[in-house]
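One structure below.
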Amino acid sequence: MTARPAKPLAVGYVRVSVGEDDALSLDAQERQLHAYAEANGLHLAAVIRDAGVSAAVPFDKRPGGSRLVRQLYHEDAKDLVLLAVRLDRLFRSSYEAAKWLELWVAAGVRPILLDLGLDLRTPAGRFVFATLAAAAELERNLLRLRTRDAMG
C-alpha cells in the first residue's frame, strides 16, 4: 500500500496598521487563511503576524516580515506556499513587491494572494501583481498627500 502524499506546506502572513477596521484584523485575516488552506488541501504550518506595522516599512524590517524571510532562507522553501489575504497586507511599494516576488519565486516559493487567486509564478500572475503593486503604492502616496493637506 502506497502512503498518501502529504499536503503541500503553507505559511501565512497577516498584517495590520494602527487603526484599521475589524474586517482587516489579524484574527479575521488568519481565519481567511485557514479556510483557504483547508479548501485547497494545504497544511498551514504557521501564520506570521505583524500588528500595528505600516506596509510602508520594508518587508524585511518588520518583526514578522524579517522572521518570514529568515524562515524562507534557512529552510528548503522549494514548493512552499506563501499565503496572504491581499497585496496591501504585504506591500505598498511596487519596488518592494517586485523585489520580494523575484526572490521568492527564485527560491521555489509559490505566493498566493487570496483575493486574486493568482499563481504569481506565471507571466500573467506576475503582470497583475506588478500592476496592483503600483496601484497600492499610488494609494499610499495619495494618503500621505491627504494627510499632509489636512494638517495644513
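For the range 136-152, filtering for residues that are within 18 Å of E96 (Cβ to Cβ), open to solvent by 50 Å² or more (accessible area, probe 1.4 Å) and either touching a Leu at 6+ places or on another chain (Cβ under 8 Å) or free of Cβ contacts under 8 Å to residues at least 40 places away in the same chain (or both) leaves 5. Within the set P63, P58, the sole residue that is without any contact (Cβ under 8 Å) to a residue 24 or more places away in the chain and surrounded by fewer than 16 Cβ atoms within 10 Å (Cβ to Cβ) turns out to be P63. Put simply, of L118, L101 the only residue that is surrounded by 14 or more Cβ atoms within 10 Å (Cβ to Cβ), out of contact with any Pro (no Cβ under 6 Å at 6 or more places or on another chain), closer than 20 Å to G65 by Cβ and not aromatic (F, W, Y) is L101. Checking R49, R70, R92 one by one, the residue that is open to solvent by 50 Å² or more (accessible area, probe 1.4 Å), touching a residue at least 12 places away in the same chain (Cβ under 8 Å) and either out of contact with any Leu (no Cβ under 7 Å at 6 or more places or on another chain) or in a strand (DSSP E or B) (or both) is R49 and no other. Of all residues in the range 1-44 being open to solvent by 40 Å² or more (accessible area, probe 1.4 Å) and assigned to a strand (DSSP E or B), which is modelled with the lowest pLDDT? That would be L9. Per the conditions (1) at pLDDT 85 or above; (2) in contact with a Gly (Cβ under 6 Å, 6 or more places away or on another chain), the sole criterion not satisfied by V85 is (2).
The values are calculated or read from the model by the stated rules, or taken from the named source; none is laboratory data. Keep in mind the model is a prediction, meaning the values are calculated, not measured. Reconstructed Cβ throughout: ideal geometry from the backbone, glycine too, with neighbour counts over all protein chains shown. Ligands, DNA and RNA are stripped out before the accessible areas are found, and what is left, the full protein with its side chains, is counted by its heavy atoms. Shrake-Rupley method; radii C 1.70, N 1.55, O 1.52, S 1.80 Å.
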